[in-house]
Amino acid sequence: AGEGSYCGTEGRLGNPDRCYCDGAVKFGYGVNWTAWKPTTTFVLCSSTLFGDPLPGQVKICMCREDKAITERTVRLQDYNLGVMPHNHVRMTFQTPCFVYNKEDRWKYGVGWILDSVMSSDVTCADSACMQEEMKKHQACLNEQGEVKGDYGKLRGEWSGVNYTYSKVGSYAELGGFTVGFGNTQGEATVMSSILDRDQIFKRKAVSAVFELVTYNANFDLFAYVAVKFSVQSTGKLDKDMTSTVFPLRLFSMGSKNGSHVETILCWILFVLYMLFAVVFTIRVFRDLYIQSCISKALLAPSYQFLMDFFTEEWWNVFDIVILILNIMIIETLFEFMLIDSVASVRNGVKSWSGSYAFALKSDLNTVDRYREFATAASLYNRFNVVVSLNGLFLIIRSLKYFSGVMALRMILTAIARAIQELILVTAISFIVLGGFVLMFFIHFGVRFPLFGNSSDALVNMFMFVLGRFGIDSLIRDSPVFCLLFFPIFYILFFLLLNMLLAAIVFSWKDVRRDAQEFSFSSALRTLRDSAPWHHQRTKDEKEDVNLTKLNVDFWQKLSILRFVNTLDELGRITVAKRSQPQLKGTEITEDGEDDRDEAEIENEEDIGFNFDNNDDQKKFLKVFRKAHMELASRMCRMVEPSKRDNGAGVGLDEQGGRQAKEEAALAKMDGHNGTIIGIVEDEQPDEQVEQIIAMLGRKLGETDHISSEIWLDALLTVLENRADTNSVSAIEKLQAFFLPMPMIMPKKPQEWNAFNEKKVKLELRLDSFVKWLQEISRLQHLKYLTEMTGSKERVLKQQSLVLTDYLETLDEQIKRIEEELQDLEREKSRMSASMA
């Protein structure tokens, strides 16, 4: 071979080896060589560079240096190079199994057919066909019914090479026979020739998958390519190719200027995204928890809160979908970063995707990392799909925040109004499309691949709807059928699509008219309000009418607690003259002093007990306990004796017994006649305020036992109080929660119906909360009554003992008096006899 060391082979198809050499290189074969060419790096083993000393013969390069290096890396246009140390291309193929044909009519013509595992619609290139066959059969038969021997081994007919089945190292770990094509064109040519002469592609294989991985250093990207061939049971060869380009270093920007800064920025944005995703997840779960509490308070089933959550606002559907997609994005990214990860206390977490590097040397123990690259490509594809969906839903979700824009709000309103018609027409369209898909699948499915299966038929018929008219081959095959049914198909869908547009146009027409009326009336009102005379008249009217805000201070000044000093032992409050709350006309001077006289202020301060005073506290507790003891006595006297059940319901009430009475009593105690508690935000005139004060005074005077209301009033007062002047009370937060969102004033009856339904729903929730507060205060009231009943019982027992002692003393005194009377009678009789 001449002087020097081998360092490369002449390549074919423009892909020569690189000969790395620090010295001189010559090019040729046998005794035919070129002159030595000096080099310090590398040269291409090509006749273009050296000339052709021996045409028609594959030549080699020789390096005149002991430390010669041969590069066996596949390069494509010098920018994309193979990364596997042994095999740039790996092939995984699976072989079929045959079974006896049990059909009597055909078994003498075709005695052996494919097993059901391989004759199904599933392609073996993406399925573990051989693995399923090995579980199903102990021995595999060929197309002649002959036993192949060990199903996991295959011997080449020409080469005698033993191919061995393995799950590890095969495509997607599906199992099969794995073959490597080496890292040079010559090796790949030799291996292809061996497989061809062994009849692998013609008779042996039912599927074959070719995999390769390349790397582009300019963009720091890897490309994983999988080319799949699978023979169907009909004999058709399915072909498919997937190519995934991805970085192993996340957010890598390649070798361009400023890529390092961009990578850091991407990491910062990713951390911010994770923080926002966590905050968004917490908010969604908080809303779900609030909705579950509301549904539970409304005595709804446990699962009802999910339906309420979605029907309350349809944007919540997008929130849940975005939440799920965010979780999938983060999970996929971490799974990508932690491929084949190993954690230890000393070294931390190490993964293949974070530590992969090109191997400078390789031996028989070096493994081609096809499995890891396939896993990374699959995760990156999943990441792209989830991110794209998340972006779509985020864009749609963001429309909610632009609802204040008139044009966008009108579009959303028009679509929302026409949603029922749109859903109906769309459903009819899909039903009609399904009928045509079935008809074309049955008629053309056997002859045309476009309609070979139901999914392909559906896709192609939908493309016909969108306007793709490539039907020449169909017309040539069945002209009468096409001329008859294609016009019907297009006319039907032309009408259905126009019905969709008509529904939207009709809804848009109404929305547009309402918006114009709303804008025109607003313009007229603005013009009228800007007039000087109207401004002066409005100012005079405001000066004549005093308005009062029904805020917390107003209601606290009407509180029962302010009249608790008149509570008597029977549980009633004596109403003499109610002091009205300070109205808007009563102002505070600039010095911070009240302009009312001292008598009014003193009178107001004297209302109620002074609980800072111990004597007043003891006095209130004494009166309050006596009132509850009196109430307990009255309740005991009003209790009817319970009837006994003497068997078969004898002695019980015909109206349902004790349960019906208890329900009637609760309904009577509630006094709920279907009215709903609302929230009044607007300021009220003095006349309305006086009516409210008079009504509360009248109800306070009409109530016999007001002590239960004291419990409720005390509870509400606690909820109304603020921690400081800048804070918000619990009642204000509750009202803000139950107030409906700002919206355009309804114009049509159906809009008013939707508005009233939402308003009634919110008011029912508020009413349920107030009733819940009433029940809590009632429970505390009854608990206190129970304690007072026990105290009353102990007092009555003591009084009974004293009364018993007193009665015994009276009996003794009566007996003595009777004896004295008898003595007097005898003395009287004796004296009468003496006088006689």
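Quick one: would you say Phe493 is part of a helix (DSSP H, G or I) and either at pLDDT below 90 or open to solvent by 60 Å² or more (accessible area, probe 1.4 Å) (or both)?
Details: part of a helix (DSSP H, G or I): yes; either at pLDDT below 90 or open to solvent by 60 Å² or more (accessible area, probe 1.4 Å) (or both): no.
Here the answer is no, as Phe493 does not meet what is asked.
Of the residues Ala407, Ala414, Ala374, which is over 30 Å from Arg90 (Cβ atoms), open to solvent by less than 70 Å² (accessible area, probe 1.4 Å) and either in contact with a helix residue (DSSP H, G or I) (Cβ under 7 Å, 6 or more places away or on another chain) or at pLDDT 85 or above (or both)? Walk me through it before giving the result.
Working: Ala407 fails: either in contact with a helix residue (DSSP H, G or I) (Cβ under 7 Å, 6 or more places away or on another chain) or at pLDDT 85 or above (or both); Ala374 fails: over 30 Å from Arg90 (Cβ atoms).
Testing whether each residue is over 30 Å from Arg90 (Cβ atoms), open to solvent by less than 70 Å² (accessible area, probe 1.4 Å) and either in contact with a helix residue (DSSP H, G or I) (Cβ under 7 Å, 6 or more places away or on another chain) or at pLDDT 85 or above (or both) leaves just Ala414.
For the range 127-180, a residue qualifies if it is open to solvent by 20 Å² or more (accessible area, probe 1.4 Å), assigned to a loop (DSSP other than H, G, I, E, B) and closer than 27 Å to Arg369 by Cα, and the qualifying residues are Ser127, Ala128, Val161, Lys167, Val168, Gly169, Leu174.
Yes/no per residue for (1) surrounded by 10 or more Cβ atoms within 10 Å (Cβ to Cβ); (2) in contact with a Gly (Cβ under 9 Å, 6 or more places away or on another chain); (3) closer than 17 Å to Val437 by Cβ; (4) modelled with pLDDT of 85 or more:
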| position | (1), (2), (3), (4) |
| --- | --- |
| Leu474 | yes, no, yes, yes |
| Val505 | yes, no, no, yes |
| Ala515 | yes, no, no, no |
| Leu527 | yes, no, no, no |
| Ser530 | no, no, no, no |
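Being polar (S, T, N, Q) and at pLDDT 75 or above holds for only one residue in Gln750, Gln735, Gln780, and it is Gln780. Output the residues belonging to the range 784-836 that are open to solvent by less than 100 Å² (accessible area, probe 1.4 Å), within 30 Å of Ile710 (Cα to Cα) and of a type outside the set (Val, Ile, Thr). Within the range 784-836, Tyr784, Leu785, Glu787, Met788, Gly790, Ser791, Lys792, Glu793, Leu796 meet the criteria.
Annotation note: Cβ proximity below 7 Å between a residue of the range 236-251 that is in a loop (DSSP other than H, G, I, E, B) and a residue that is of a type in the set (S, T, N, Q) and surrounded by 12 or more Cβ atoms within 10 Å (Cβ to Cβ) (sequence gap 6+ or interchain) occurs for Leu248/Ser353; Phe251/Thr263.
Among the strands (runs of 3 or more DSSP E) confined to the range 28-113, the ones with at least 1 residues that are surrounded by fewer than 16 Cβ atoms within 10 Å (Cβ to Cβ), of a type outside the set (Val, Ile, Thr) and modelled with pLDDT of 80 or more are located at 37-39, 98-100.
Within the range 761-771, does at least one residue satisfy the condition of being open to solvent by 100 Å² or more (accessible area, probe 1.4 Å) and either out of contact with any Gly (no Cβ under 8 Å at 6 or more places or on another chain) or β-branched (Val, Ile, Thr) (or both)? I'd like the intermediate steps shown before the answer.
Filtering the range 761-771 for residues open to solvent by 100 Å² or more (accessible area, probe 1.4 Å) gives none.
The answer is no; no qualifying residue exists.
Restricting to the range 282-304, give me the number of residues that are aliphatic (A, V, I, L, M), at negative phi and loosely packed, with under 13 Cβ neighbours inside 10 Å. Outline the logic, then answer.
Within the range 282-304, the first condition is being aliphatic (A, V, I, L, M), and the residues that meet it are 282, 284, 288, 290, 294, 297-300.
This time we only want the ones that are at negative phi, so: 282, 284, 288, 290, 294, 297-298, 300.
Still in the running and loosely packed, with under 13 Cβ neighbours inside 10 Å: 282.
Result for the range 282-304: 1.
Here is a check on your reading of the model: is Val680 within 27 Å of Phe309 (Cα to Cα) and at pLDDT below 70?
Yes.
When the range 209-242 is examined, which residues are found to be surrounded by 12 or more Cβ atoms within 10 Å (Cβ to Cβ) and among the basic types (Lys, Arg)? Matches in the range 209-242: Lys228 only. Mind checking whether some residue in the range 449-457 is assigned to a helix (DSSP H, G or I), out of contact with any helix residue (DSSP H, G or I) (no Cβ under 8 Å at 6 or more places or on another chain) and either among the aromatic types (Phe, Trp, Tyr) or more than 29 Å from Val122 (Cα to Cα) (or both)? No: zero hits.
Restricting the range 314-340 to residues that are touching a residue at least 12 places away in the same chain (Cβ under 8 Å) and assigned to a loop (DSSP other than H, G, I, E, B) leaves a set whose member that is least open to solvent (accessible area, probe 1.4 Å) is Ile339. Look at the range 713-724: where a residue is of a type in the set (Val, Ile, Thr) and a partner is surrounded by 15 or more Cβ atoms within 10 Å (Cβ to Cβ) and modelled with pLDDT under 70, sitting 6+ places away or on another chain with Cβ atoms under 7 Å, you get Thr717/Gln556; Thr717/Ser559; Thr717/Leu561.
The values are calculated or read from the model by the stated rules, or taken from the named source; none is laboratory data. Note that the structure is predicted; figures quoted are calculated from it, not measured. Virtual Cβ from ideal backbone geometry, glycine too; neighbours counted across all protein chains shown. Just the protein is used for accessible areas: all its heavy atoms, side chains included, with ligands, DNA and RNA removed. Shrake-Rupley method; radii C 1.70, N 1.55, O 1.52, S 1.80 Å.
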